[in-house]
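Peer 1: The structure under discussion is supplied below as structure tokens; questions concerning it will follow.
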Amino acid sequence: MKRIPYLLSLLGILFLFSCGGDVEIPDEITLATAIAKPEPPKEYLFGYDLDSFDVVNDGIKYGESLGKILNTHGVGHSTVHYLAKASKEVFDVRDFKVGNSYTILKSKTDSLSNANVFIYQEDKVNYYIYDFRDSIQVSHFKKDIEVKIKTGSGEITSSLWEAVIKAGLSQKLVLELADNIYPWSINFFSVQKGDKFKVIYEARYVEGEFIGIGEVLACNFYHNGKDYYAFNYDGAGFEDFYDHEGNNLRKFFLKAPVSYTRISSKFTKRRYHPVQKRWKAHKGTDFAAPKNTPIYSTADGVVTNAEYGKFNGRYVKVRHNKTFTTQYLHMNKIAKGIKPGRKVRQGEVIGYVGKTGLATGYHVCYRFWKNGRQEDPFKVKLPPSEPISDKLKSDYIGKMSPLKLELDALKYPGEVENEETIEKVAIAL
């Protein structure tokens, strides 16, 4: 019976809310039942909350330095000095390059709107943060790189360069094929119409943007009616390329002392000399190339000569062993540190293309000795390198075989893919 007054009071309250009269709902109830609007997501740039900063984006211009840029944004000379000093172990501010991007963050609460943070983007991946709000801090960061495996193929109608571009592939593939994979086995100065290539490679992306190729995993170059397979393998402790039988593509000598250019004059016993105006033997191979194109030592060895001669111009001579010696003539300049007695490695830059001495155009005259006699380097049988060891052979075959199946399944331009081979690839993968 004691509950009756309590129930009557409750019914009265419910009656008042249901009458539709001038009864006001308390604010507390209105707020509790309202649907809250979601806050907009915060924006971040290089890890900084943009709600706190005004942003300035620009690029390094000719003649600009860290000091000049920051001075225009209210940063004093003493702060710039300490920034440069703190940066030495991370990045030398003198290496800023014209055209590279930078970002300046200015605090919105700073009435003077002075710079608080400077961010320099060295390339698509690497960037450096100079944060000088409380204490000076300089840090190096790398953006995340996404790697995708891509394939491509092409057929040569005029040049390897044109074939790669026509196939929609990166221009860097030309240099990879000519300089790093096949310089020991294919003479790229004699590639011809009908030669073909297939390649499996890594494509690198940052924030969805293609920034270039990574490793070439496998490729095949069809040249002069022969397949030249190449597979990337680092089981021996360092990366190298081997063929489908496990033979190392790297030879004792490079095929040429300069990157993919052209032969302007071959080794011959009789040639009309353009300067001396007479017929004489030309016991070298001329590679035409633009001024200051790097010249490489074609094999490991020791420098015996690095000097200027009346006819040879600036030249370098390298003794590789008791059997082989090479010489590089008409350099515009000899590379720094190259002098008699200096050991050089295969592919090391020893000079730069010029036309010093008895020469009419920019080129390097490459001379090749075997047992003290000058020979045509393209006709000399070059020493091989060590193949895959027996210990690593099974591991190599296991990694190489699926890649070879995938290469064989790729079609050249105008071809139809082999369905049987595709099935084998699917099973192997």
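Peer 1: Can you find, within the stretch 259-274, the residue that is modelled with the highest pLDDT among those that are assigned to a loop (DSSP other than H, G, I, E, B), of a type outside the set (Lys, Arg) and surrounded by fewer than 16 Cβ atoms within 10 Å (Cβ to Cβ)?
Peer 2: Pro274
Peer 1: Could you tell me whether any residue of the stretch 235-246 is in a loop (DSSP other than H, G, I, E, B), outside the structural domain of Thr323 (by TED's automatic domain parsing), in contact with a Ser or Thr (Cβ under 8 Å, 6 or more places away or on another chain) and surrounded by fewer than 17 Cβ atoms within 10 Å (Cβ to Cβ)?
Peer 2: Yes, that holds for at least one residue.
Peer 1: Name the residue, out of Thr298, Thr323, that is among the polar types (S, T, N, Q), buried (at least 19 other Cβ atoms within 10 Å of the Cβ) and within 30 Å of Ala230 (Cα to Cα). Give the derivation first.
Peer 2: On the way: Thr323 fails: buried (at least 19 other Cβ atoms within 10 Å of the Cβ).
Exactly one residue qualifies, and that residue is Thr298.
Peer 1: Filter the stretch 76-101 down to residues that are over 20 Å from Asn57 (Cα atoms), assigned to a loop (DSSP other than H, G, I, E, B) and of a type in the set (D, E, K, R), then give me how many there are.
Peer 2: Of the residues in that region, 3 qualify.
Peer 1: While we're looking at this one, here's another question. So, Lys42, is that one loosely packed, with under 10 Cβ neighbours inside 10 Å, at pLDDT 55 or above and touching a helix residue (DSSP H, G or I) at 6+ places or on another chain (Cβ under 7 Å) or not?
Peer 2: Here the answer is yes, as Lys42 does meet what is asked.
Peer 1: Which of the residues belonging to the stretch 349-381 are modelled with pLDDT of 90 or more, in a loop (DSSP other than H, G, I, E, B) and either closer than 12 Å to Arg314 by Cβ or polar (S, T, N, Q) (or both)?
Peer 2: Across the stretch 349-381, the qualifying residues are Lys355, Thr356, Gly357, Asn371.
Peer 1: Right, next: From Glu202, Glu209, Glu215, grab the single residue that is closer than 24 Å to Tyr120 by Cβ and outside the structural domain of Asp92 (by TED's automatic domain parsing).
Peer 2: Matching residue, one of Glu202, Glu209, Glu215: Glu209.
Peer 1: Test Glu419 against the stated conditions and say whether it is in the same structural domain as Thr157 (by TED's automatic domain parsing), at pLDDT below 90 and either touching a strand residue (DSSP E or B) at 6+ places or on another chain (Cβ under 8 Å) or of a type outside the set (Ser, Thr, Tyr) (or both).
Peer 2: Yes.
Peer 1: Of everything in the stretch 305-327, what is polar (S, T, N, Q) and not in a strand (DSSP E or B)? Give them in sequence order. Walk me through how you get there before you give the answer.
Peer 2: Filtering the stretch 305-327 for residues polar (S, T, N, Q) gives 305, 312, 321, 323, 325-327.
Answer for the stretch 305-327, where residues must be polar (S, T, N, Q) and not in a strand (DSSP E or B): Asn312, Asn321, Thr323.
Residues are listed down the side, and each one gets a yes or a no for (1) out of contact with any Asp or Glu (no Cβ under 6 Å at 6 or more places or on another chain); (2) in contact (Cβ under 8 Å) with a residue 24 or more places away in the chain; (3) closer than 22 Å to Arg250 by Cβ:
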{"site": "Gly361", "(1), (2), (3)": "yes, yes, no"}
{"site": "Arg367", "(1), (2), (3)": "yes, yes, no"}
{"site": "Arg373", "(1), (2), (3)": "yes, no, no"}
{"site": "Pro383", "(1), (2), (3)": "yes, yes, yes"}
{"site": "Pro387", "(1), (2), (3)": "yes, yes, yes"}
{"site": "Lys393", "(1), (2), (3)": "yes, yes, yes"}
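Peer 1: Same structure, new question: What pairs can you find where one residue is in the stretch 275-290 and modelled with pLDDT under 50, the other is surrounded by fewer than 16 Cβ atoms within 10 Å (Cβ to Cβ) and in a strand (DSSP E or B), and their Cβ atoms are less than 6 Å apart, with a gap of 6+ or different chains?
Peer 2: Taking only residues 6 or more apart or on different chains, the pairs are Trp279/Arg270; Trp279/Tyr272.
Peer 1: In addition: Anything in the stretch 153-169 that is surrounded by 19 or more Cβ atoms within 10 Å (Cβ to Cβ) and modelled with pLDDT of 90 or more? List them, or say none.
Peer 2: Across the stretch 153-169, the qualifying residues are Ser153, Gly154, Ile156, Ala163, Val164, Leu169.
Peer 1: I'd like the full set of residues that are touching a His at 6+ places or on another chain (Cβ under 9 Å) and either at pLDDT below 90 or hydrophobic (A, V, I, L, M, F, W, C) (or both), limited to the stretch 78-123.
Peer 2: Across the stretch 78-123, the qualifying residues are Val90, Phe91, Ile104, Ser113, Asn114, Ala115, Phe118.
Peer 1: Against the condition among the β-branched types (Val, Ile, Thr), at pLDDT below 90 and not assigned by TED's automatic domain parsing to the domain that holds Pro294, how does Ile186 come out, does it pass? If you could, list the steps in order and put the result at the bottom.
Peer 2: Working: among the β-branched types (Val, Ile, Thr): yes; at pLDDT below 90: yes; not assigned by TED's automatic domain parsing to the domain that holds Pro294: yes.
Yes; evaluated as a whole, the condition is true for this residue.
Peer 1: What number of residues within the stretch 215-234 are closer than 15 Å to Lys150 by Cβ and surrounded by fewer than 16 Cβ atoms within 10 Å (Cβ to Cβ)?
Peer 2: Taking the stretch 215-234 as the starting set, the residues that turn out to be closer than 15 Å to Lys150 by Cβ are 215-219, 232.
Next, only the ones that are surrounded by fewer than 16 Cβ atoms within 10 Å (Cβ to Cβ) stay: 215.
Within the stretch 215-234, residues that are closer than 15 Å to Lys150 by Cβ and surrounded by fewer than 16 Cβ atoms within 10 Å (Cβ to Cβ) number 1.
Peer 1: Counting only residues that are under 30 Å from Phe287 (Cβ atoms), give me the strands (runs of 3 or more DSSP E) lying completely in the stretch 102-220 with at least 3 of them. Let's see the steps before the verdict.
Peer 2: Details: elements: 115-121, 126-131, 137-142, 146-155, 196-206.
Ranges flagged: 146-155, 196-206.
The values are calculated or read from the model by the stated rules, or taken from the named source; none is laboratory data. None of the values given here were measured: they were computed from a predicted structure. All Cβ positions, even for glycine, are placed from backbone atoms using ideal geometry, and neighbour counts span all protein chains on display.
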